[in-house]
Amino acid sequence: MTLSDESQEPEGEIFEWNLDRMVFLRNDGKWVNQRQNALQDTTEHDSQMEAIAAARRMLVRQNGGELIVFGEEGKVVRFSDVVDGED
């Protein structure tokens, strides 16, 4: 599913560096896990915690990275959550 007019894009600062994953709430009430700068949602979930867990699992498989989590209001609630990759 692609981001469209129905999606709630995160508001606030625009980060100039490439963060690996972000979790945010779409207007349809689904929490999504999306790779930074991707055009499509990777996974969608009923809760923020489910989306965070999915993003963390993917970061581990992708040799680690950072996760940015947006709250219901579109503001960053957690940033610089570094996930180590598999050894």
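Points worth noting:
- Residue list for the stretch 61-78, filter: of a type in the set (A, V, I, L, M) and within 9 Å of Met22 (Cβ to Cβ): Leu67, Ile68, Val69
- Every pair of residues 6+ apart whose Cβ atoms lie under 6 Å, when the first sits in the stretch 57-84 and is within 26 Å of Gly29 (Cβ to Cβ) while the second is charged (D, E, K, R) and at pLDDT below 80: Leu67/Asp81; Gly74/Glu11
- Top-ranked residue in the stretch 44-69 [being polar (S, T, N, Q) and surrounded by 14 or more Cβ atoms within 10 Å (Cβ to Cβ); ranked as modelled with the highest pLDDT]: Gln48
The values are calculated or read from the model by the stated rules, or taken from the named source; none is laboratory data. Predicted, not measured: the structure shown is a model, and the values here were computed from it. Don't worry about glycine lacking a Cβ; one is built from the backbone with ideal geometry, like all the others, and counts go over all protein chains shown.
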